[in-house]
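Asker: Quick one: the structure is below, and I'll ask about it shortly.
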Amino acid sequence: MNVYDGFRIAAMLEHHGFMRTDDVSDADIIILNTCAVRAKATDKVFSALGRIRRAKKTSALFGIVGCVARESGADAFRRIPDLNFVLGPQSYHKLPDILENPDARLLNIDLGGLEKFDALPQMQTSPRVAYIPIQEGCNHVCTYCIVPYTRGPEISRSFESVMAETIHAAKTGAIEICFLGQNVNGYKYTDKNGKTYRLSDLIRETAKIPEIMRIRFTSSYPTEMTDDLIDMFRTEPKLLPFLNMPIQSGSQSVLTRMNRPYSLKLYCDIIHKLKSARPDIQISSDFIVGFPGESDDDFEQTMKIAKQIKYINSYSFKYSPRPHTAAALMPDQIPENTKAARLAQLDTCLNEIQREFNESCINKTFACLLEGPDKTGRHLVYRTPFMQQCIVPACDNAPAMAQITITAANKASLRGKITD
Ligand code: 5AD
Ligand code: SF4
């Protein structure tokens with residue numbers, strides 16, 4: 001979501017005549033787009049702000065946007081007095097106000113809902129992978145999560161505006177569409193004639209666009225994986241066989257205290273249905289270890305489910321107490337060293353599963369999408385349908401989509417050769 005917001009902010013500034021620079025000391029405007037999901041991310045924002053204010057030109061406008069802006073509000077001005085603006089994740093389209101009135105401080109952390117989408121200029125060119133937000137906010141209120149506070153209640157964009165942005169992206173360079181939302185599969189929009197559209201409708205319509213070769217979406221809430229959506233994996237070959245569907249914990253009692261009231265059986269049944277629809281589908285998850293009250297036995301159940309489902313490409317985090325959340329006030333907070341030991345154990349297991357899956361890809365051929373050159377310029381990085389990085393030797397006129405046969409694998413990436 002932040003990558004998308006960053007693109008829109010850059011496009012908006014280009015529209016106002018700004019150009020990009022890599023040199024902070026040369027910039028006329030500096031914006032930090034921020035994430036508040038864990039305390040570490042928030043802390044990094046304030047240390048980066050300290051560094052930037054020492055390096056920047058005195059006249060440069062300087063501010064933060066996104067979830068840390070929303071969480072800190074006016075307090076950010078107290079911590080960093082020379083900040084010019086603090087704009088929340090749904091009000092960054094107000095940025096031009098500071099260009100018109102650079103001497104005033106601009107604070108706007110309103111939950112403007114979908115207003116920003118209409119207020120932003122269209123992008124001139126689109127990246128090969130276009131992120132298209134289809135909903136904002138979240139109604140699930142998991143007890144550890146700050147998102148319902150920073151991004152507000154769930155609200156879906158209209159079917160027409162999502163499709164207009166998708167078609168525009170396809171006409172200006174996109175090959176892959178990634179639909180985005182904190183609760184992406186909760187997408188639900190009813191038009192004025194009473195017709196309701198779901199994520200499956202967006203996928204079906206997008207698959208008809210000739211320029212679009214690949215479709216995916218993130219992040220999904222397990223119980224909103226409805227049958228119409230599961231069926232898309234059977235009927236739409238452009239939908240990638242890869243799904244991020246976070247389980248967070250393998251312990252039923254931890255899930256209940258996280259306010260994620262699905263049963264583990266239901267979760268496994270959904271995976272079973274997905275595999276019947278698309279036998280090669282692979283699942284990734286997010287995990288939180290060290291949630292308040294998590295016992296050794298609870299943690300063992302998380303290890304067990306990770307091995308059972310064989311998640312590839314997962315994200316795992318130590319629980320981080322956040323303001324405005326119920327879990328921060330729960331008893332039995334877990335000591336830092338226990339959290340760290342559990343995270344290390346889970347990561348070892350997840351890496352091993354990922355390495356096994358990567359090795360199982362050797363000698364197989366996949367349709368891959370070009371991401372760009374690697375840092376050395378001697379290789380190209382492609383993405384497989386399972387979002388693995390695949391490295392091939394650089395060549396002239398490399399195709400954006402290529403059939404690649406995998407020749408080697410380790411836990412982090414694949415190597416391959418273009419076969420057509
Ligand atoms: N502590 C640790 N991880 C968190 N996440 C969300 N809130 C917290 C928190 N307070 C993780 C969840 C979510 C991902 C985006 O971030 O795993 O799926
Ligand atoms: Fe946060 Fe995701 Fe839970 Fe929503 S479903 S409250 S975004 S963790």
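Asker: Which one of these is in contact (Cβ under 8 Å) with a residue 40 or more places away in the chain, in contact with a Pro (Cβ under 9 Å, 6 or more places away or on another chain) and within 16 Å of ligand 1 (Cβ to nearest atom): 145, 138?
Answerer: 138
Asker: While we're on this one: Give 214, 204 a once-over and let me know the one that is under 24 Å from residue 382 (Cα atoms), modelled with pLDDT of 95 or more and of a type outside the set (Val, Ile, Thr).
Answerer: That would be 214, the only listed residue that is under 24 Å from residue 382 (Cα atoms), modelled with pLDDT of 95 or more and of a type outside the set (Val, Ile, Thr).
Asker: Still on this model: Could you check residue 256 against (1) within 16 Å of ligand 2 (Cβ to nearest atom); (2) in a loop (DSSP other than H, G, I, E, B) and say which number it fails?
Answerer: Single failed check for residue 256: (2).
To keep it simple, each residue is scored yes or no on (1) within 24 Å of the chain's Cα centre (by Cα); (2) more than 14 Å from ligand 1 (Cβ to nearest atom); (3) modelled with pLDDT of 95 or more; (4) among the aromatic types (Phe, Trp, Tyr).
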{"position": "292", "(1), (2), (3), (4)": "no, no, yes, no"}
{"position": "296", "(1), (2), (3), (4)": "no, yes, yes, no"}
{"position": "316", "(1), (2), (3), (4)": "yes, no, yes, no"}
{"position": "325", "(1), (2), (3), (4)": "yes, no, yes, no"}
{"position": "332", "(1), (2), (3), (4)": "no, yes, yes, no"}
{"position": "336", "(1), (2), (3), (4)": "no, no, yes, no"}
{"position": "343", "(1), (2), (3), (4)": "yes, no, yes, no"}
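Asker: Hey, could you check the stretch 253-277 for residues that are within 14 Å of ligand 1 (Cβ to nearest atom) and farther than 20 Å from residue 186 by Cα and say which is least open to solvent (accessible area, probe 1.4 Å)?
Answerer: It comes out as 254.
Asker: A further question follows. Can you tell which of 229, 202, 180 is within 17 Å of residue 277 (Cα to Cα), in contact (Cβ under 8 Å) with a residue 12 or more places away in the chain and either among the hydrophobic types (A, V, I, L, M, F, W, C) or within 16 Å of ligand 2 (Cβ to nearest atom) (or both)?
Answerer: One residue alone meets the criteria, 229.
Asker: Give just the number: which of (1) outside any helix (DSSP H, G or I); (2) closer than 16 Å to residue 150 by Cβ does residue 21 not satisfy?
Answerer: (2)
Asker: Okay, next question. Condition test on residue 288, is it assigned to a helix (DSSP H, G or I), among the aliphatic types (A, V, I, L, M) and within 16 Å of ligand 2 (Cβ to nearest atom)?
Answerer: The answer is no for residue 288.
Asker: Only residues that are more than 10 Å from ligand 2 (Cβ to nearest atom), surrounded by fewer than 20 Cβ atoms within 10 Å (Cβ to Cβ) and not in a helix (DSSP H, G or I): list them for the stretch 128-172, please.
Answerer: 128, 129, 153, 155, 158, 172
Asker: Can you pull out every residue in the stretch 179-191 that is assigned to a loop (DSSP other than H, G, I, E, B) and either within 16 Å of ligand 1 (Cβ to nearest atom) or open to solvent by 10 Å² or more (accessible area, probe 1.4 Å) (or both)?
Answerer: Residues satisfying the conditions are 181, 182, 183, 191.
Asker: Can I ask one more? For residues that are among the β-branched types (Val, Ile, Thr), surrounded by fewer than 15 Cβ atoms within 10 Å (Cβ to Cβ) and in a loop (DSSP other than H, G, I, E, B), tally how many sit in the stretch 313-352.
Answerer: Result for the stretch 313-352: 0.
Asker: Restricting the search to the stretch 184-202, which residues are more than 11 Å from residue 159 (Cα to Cα) and in contact with a helix residue (DSSP H, G or I) (Cβ under 6 Å, 6 or more places away or on another chain)?
Answerer: Those that are more than 11 Å from residue 159 (Cα to Cα) and in contact with a helix residue (DSSP H, G or I) (Cβ under 6 Å, 6 or more places away or on another chain): 185, 186, 200.
Asker: Within the stretch 54-71, count every residue that is among the basic types (Lys, Arg) and either in contact (Cβ under 8 Å) with a residue 40 or more places away in the chain or crowded, with 17+ Cβ neighbours inside 10 Å (or both).
Answerer: Summing the residues that are among the basic types (Lys, Arg) and either in contact (Cβ under 8 Å) with a residue 40 or more places away in the chain or crowded, with 17+ Cβ neighbours inside 10 Å (or both) in the stretch 54-71 gives 2.
Asker: Any idea how many residues of the stretch 110-127 are outside any loop (DSSP other than H, G, I, E, B) and over 19 Å from residue 68 (Cα atoms)?
Answerer: Counting residues in the stretch 110-127 that are outside any loop (DSSP other than H, G, I, E, B) and over 19 Å from residue 68 (Cα atoms) gives 4.
Asker: Read through the list (1) in contact (Cβ under 8 Å) with a residue 12 or more places away in the chain; (2) assigned to a loop (DSSP other than H, G, I, E, B), then give the number of the only condition that residue 279 fails.
Answerer: So the condition that residue 279 fails would be (1).
Asker: Also, quick follow-up: For the stretch 278-312, which residues satisfy the criterion of being hydroxyl-bearing (Ser, Thr, Tyr) and surrounded by 19 or more Cβ atoms within 10 Å (Cβ to Cβ)?
Answerer: Correct list: 284, 285, 302, 311.
Asker: Let me ask something additional. So which of 41, 74, 48 is within 30 Å of residue 319 (Cα to Cα), of a type in the set (Gly, Ala, Ser), touching a residue at least 12 places away in the same chain (Cβ under 8 Å) and open to solvent by 40 Å² or more (accessible area, probe 1.4 Å)?
Answerer: Being within 30 Å of residue 319 (Cα to Cα), of a type in the set (Gly, Ala, Ser), touching a residue at least 12 places away in the same chain (Cβ under 8 Å) and open to solvent by 40 Å² or more (accessible area, probe 1.4 Å) holds for just one of 41, 74, 48, which is 74.
Asker: Could you run through the stretch 1-38 and say how many residues are β-branched (Val, Ile, Thr) and either touching a Gly at 6+ places or on another chain (Cβ under 6 Å) or open to solvent by 40 Å² or more (accessible area, probe 1.4 Å) (or both)?
Answerer: Result for the stretch 1-38: 6.
Rundown of residues vs (1) under 21 Å from the mean Cα position of the chain (by Cα); (2) surrounded by fewer than 17 Cβ atoms within 10 Å (Cβ to Cβ), yes/no style:
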{"site": "202", "(1), (2)": "yes, no"}
{"site": "205", "(1), (2)": "no, yes"}
{"site": "209", "(1), (2)": "no, no"}
{"site": "214", "(1), (2)": "yes, no"}
{"site": "217", "(1), (2)": "yes, no"}
{"site": "221", "(1), (2)": "yes, no"}
{"site": "231", "(1), (2)": "no, yes"}
{"site": "244", "(1), (2)": "yes, no"}
{"site": "251", "(1), (2)": "no, no"}
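Asker: Then there is this: For residue 194, which of the numbered conditions (1) in a loop (DSSP other than H, G, I, E, B); (2) touching a strand residue (DSSP E or B) at 6+ places or on another chain (Cβ under 9 Å) fails to hold?
Answerer: (2)
The values are calculated or read from the model by the stated rules, or taken from the named source; none is laboratory data. What you see is a predicted model; the values in this text were computed from it and never measured. Ideal geometry is used to build each Cβ from the backbone, glycine not excepted, and the neighbour counts take in all protein chains shown. In case anyone asks, the SASA skips ligands and DNA or RNA and just uses the protein heavy atoms, side chains included. Shrake-Rupley method; radii C 1.70, N 1.55, O 1.52, S 1.80 Å.
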